[in-house]
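A quick write-up on the structure given underneath.
The values are calculated or read from the model by the stated rules, or taken from the named source; none is laboratory data. Bear in mind the structure is a predicted one, so any value in this text is a computation, not a measurement. Heads up, the Cβs are rebuilt from the backbone with ideal geometry, glycines too, and the neighbour counts pull from every protein chain shown. Calculation scope for accessible area: heavy atoms of the full protein, side chains included, ligands and nucleic acids excluded. Shrake-Rupley method; radii C 1.70, N 1.55, O 1.52, S 1.80 Å.
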Amino acid sequence: MLDEVLHIFYPRICAGCDALLAEGEREICRDCIVSFDRFSDAEAADRAVKNVFMHNFAAGDIPQKAVTLYRFHKNDRLRKVIHAMKYEGVYRLGSLFGTLLAEMIGGSLIAGHCDCIVPVPLHKLKVIERTYNQSEIIARSLGAALGKDVRVDLVTRTKYTESQAGLSPRERLRNVGNAFAPSGNAVPENILLVDDVLTTGSTVAAVMQSLKSAGASNISLATIALAA
């Protein structure tokens, strides 16, 4: 009853189309979720992500395994949803996407061979600006569903960088150069790294290099979307 009363004064709105959410819908209406360009299965997602890394990086920078939910297109509803999650304070979307990632990963090798989950860190000034790290929220939801620890104490973002949006692959690499460093804590061998959207892979590659320099040997990747 309380939820229904609150819904009258603070209606639950879809982050993708601004329609009122129906009973049972979480943050995004069914019509929007159906409109997202979802990968058919984890294997197809793995191939697509690895193709991005093979195009832009050396073999040593390719994740061992990778999974992503959707292809991210410039003007689709998913773009609005992710923007709301990152910049408009709709942090609950991160929990929803973490749950959806867990459903795709299921009993795969990623889940079985993962010692812990690590979200891509934000610089502390950006955390102050946004009040949260969306990748950490995704990671914590994913970790709860898979029964895995989430570690935010293994790698730090030492350099405040401008947004990667609109930058060329070369500019992205330059932008995140020396942006991450190991924290000094012991790093597990098998890590599942979590980010929101993968474009060229520059940020993820930089974090992976930092973790490997501290002792990680097998790093897999989970993201919400792959930019098409």
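Tabulated data
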{"item": "Scope segment 113-161; condition of a type in the set (G, A, S) and in a helix (DSSP H, G or I); matching residues", "result": "S135, A139, S141, G143, A144, A145"}
{"item": "First in segment 199-219 and outside any helix (DSSP H, G or I), second anywhere and open to solvent by 10 Å² or more (accessible area, probe 1.4 Å) and among the β-branched types (V, I, T), Cβ under 6 Å, 6 or more apart", "result": "G201/V52; A214/V187; G215/V187; A216/V187"}
{"item": "Condition met for T99 (modelled with pLDDT of 90 or more and open to solvent by 50 Å² or more (accessible area, probe 1.4 Å))", "result": "no"}
{"item": "Residue in segment 60-68 that is among the small types (G, A, S), buried (at least 22 other Cβ atoms within 10 Å of the Cβ) and touching a Leu at 6+ places or on another chain (Cβ under 6 Å) present", "result": "yes"}
{"item": "In segment 102-122, residue surrounded by the most Cβ atoms within 10 Å (Cβ to Cβ) [restricted to those that are farther than 24 Å from I33 by Cβ, more than 13 Å from the chain's Cα centre (by Cα) and touching a residue at least 40 places away in the same chain (Cβ under 8 Å)]", "result": "C114"}
{"item": "Residue satisfying all of: in segment 178-196; in contact with a helix residue (DSSP H, G or I) (Cβ under 9 Å, 6 or more places away or on another chain) and open to solvent by 10 Å² or more (accessible area, probe 1.4 Å); nearest to A227 (Cα to Cα) among these", "result": "D195"}
